[in-house]
Amino acid sequence: MAKLITKEQIAEQQRFIMKLREENARRAQEIGHAPLALTETYGCQQNENDTERIRGMLRDAGFEFTDDANKADVVIYNTCAVRENAEQKVFGRLGILKHIKEKRRDMIIGVCGCMVQQEHITEKIKKVHDHVDLVFGTHALYKMPSLLYKAMTEKKTVVDIAASDGAIAEELPIMRSDANKAWVSVMYGCNNFCSYCIVPYVRGRERSREPKTIIAEVKELVKSGCSEISLLGQNVNSYGKDLETDIDFADLMRAVNDIDGVRRIRFMTSHPKDLSDKLINTIAQCGKVCKQLHLPFQAGSDKVLRQMNRGYTKAEYLEKIEKVKKAVPNISLSTDVIVGFPTETNEDFEDTLDVLRKAEFDNIFSFIYSRREGTPAAKLDFVLTEEEIHRNFNRLLDTQNEISLKKNTEYVGRVEEILVDGVSKNDENMLSGRCDSSKIVNFKGDKSLIGKYINVRITEAHTWSLNGEIV
Ligand code: SF4
């Protein structure tokens, strides 16, 4: 059973929130407004959810928020370690902040999350970016108030990247980014050690939250008007394995399905080897569980899958997909694919395309392999040249774009229930929302519909979205 951060530890952080509040009230007198904080998130939904906790603590500490780094008194970057380009982006941002800080010496710059949980990155920050005041890893998130207070008052660099025993921090303040939809983390960490992935090293082993705490959080969310719940975990369908209670992810999903006021349930990310028949049936039987499944396959070749340590073969993966399609007709499928794993040949890549064609995903998240220091795959030599990898990557996109358009075209004429998110990103005269299968639907409508569920007839299909009209 996962250990919890004790009530005393949380109470200590509460005391620091109050100290920061006093400090911020004093400063507000000086500058004529509340000190401003800026947060920026890189990476997955788990990080987005962590940032909501960070913002909750900052809000309780008396900060207001800005998107303008030139005005911010505190900047916190919550970082991702999964791919190199996310790390490069953060280093680029830190370079820009250096110039801003030269003019505003009191500004506090903090970097937290998965990227800094790696020691070599923190060393680089200390050496190359000595204008950073605060560095804290994934295990120290709950300590942010005391660390920030120290950085603000002692004017020296504060670093806490110690790996903990994986205790879970409950009851942290939270500032949700959306009133109608919420992420609820049900477990943390991962035990799978896929050979290319840094997550188990930076987030630790799997720890599940107690079901009663999760249910209480969902009930609170419903009370505040939220109706769409996304259950999160790095490997969500191995939920419960470490608990003393006899409960698995399917049971948890059923319990959330039974809560009055919950209207939609989504979940991610599922590992193919842990996708049980019981879970497939639960998706089929629970009316509030959206008919959508994200099931990363990563590569099609059995050789590459073995070297990735994924724990399944191409045939086993496709068999699961067939089972899901049979049990849940019209389910929308998505996946993650890595192109250019070191030992992948052009022939191996043909297997990846074959999975794409056979599974017919609605959409995919595709990436070129990114070497992560400290992982077993980082020691492997590449078979393909960069040029060949890019050519394969483009072939993957072309193949999927055709499939996505075909799948979206099947929606034309259907009436879909949409939760309206806001104004469309591509056209300010349109609204945008997501249907049950999570496809983006754009349509004309009054802004008063934002946050509401409405029915829309799909009139037009594009590769990445649908257009429709209110019925
Ligand atoms: S399942 Fe594999 S890819 Fe996913 S987080 Fe765990 S180790 Fe990484």
| Of the residues that sit in region 144-194 and are within 16 Å of the ligand (Cβ to nearest atom) and polar (S, T, N, Q), which one is surrounded by the fewest Cβ atoms within 10 Å (Cβ to Cβ)? | Asn191
| request: Sort out which residues of region 441-455 are part of a helix (DSSP H, G or I) and basic (Lys, Arg), and write them in order of number. | output: Lys447
| If you scan region 196-222, which residues turn out to be among the hydroxyl-bearing types (Ser, Thr, Tyr), surrounded by 20 or more Cβ atoms within 10 Å (Cβ to Cβ) and either more than 18 Å from the chain's Cα centre (by Cα) or within 11 Å of the ligand (Cβ to nearest atom) (or both)? | Tyr196
| query | When residues of region 14-44 are filtered for being aliphatic (A, V, I, L, M) and either more than 20 Å from Glu154 (Cβ to Cβ) or not in a helix (DSSP H, G or I) (or both), how many remain? | reply | 6
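Here is a yes/no grid of residues against (1) in contact with a helix residue (DSSP H, G or I) (Cβ under 6 Å, 6 or more places away or on another chain); (2) of a type in the set (Ser, Thr, Tyr); (3) not assigned by TED's automatic domain parsing to the domain that holds Lys452:
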position	(1), (2), (3)
Tyr239	yes, yes, yes
Asp242	no, no, yes
Phe249	yes, no, yes
Asp277	no, no, yes
Ile283	no, no, yes
Asp302	yes, no, yes
Arg306	no, no, yes
Lys314	yes, no, yes
| Any residue at all in region 181-196 that is assigned to a helix (DSSP H, G or I), out of contact with any His (no Cβ under 7 Å at 6 or more places or on another chain) and without any contact (Cβ under 8 Å) to a residue 60 or more places away in the chain? | no
| query | Residue check: is Tyr149 within 21 Å of the chain's Cα centre (by Cα) and outside the structural domain of Ile265 (by TED's automatic domain parsing)? | reply | no
| query | Of everything in region 318-338 that's farther than 20 Å from Gly287 by Cα and among the hydrophobic types (A, V, I, L, M, F, W, C), which residue is surrounded by the fewest Cβ atoms within 10 Å (Cβ to Cβ)? | reply | Leu318
| query | If we keep just the residues of region 304-346 that are more than 16 Å from the ligand (Cβ to nearest atom), free of Cβ contacts under 8 Å to residues at least 40 places away in the same chain and of a type in the set (D, E, K, R), which is farthest from Glu416 (Cα to Cα)? | reply | Glu319
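The values are calculated or read from the model by the stated rules, or taken from the named source; none is laboratory data. This one's a predicted model, so the numbers in the text were calculated from it and none came from an experiment. Cβ coordinates were reconstructed from backbone atoms using ideal geometry, including for glycine residues, and neighbour counts include every protein chain displayed.
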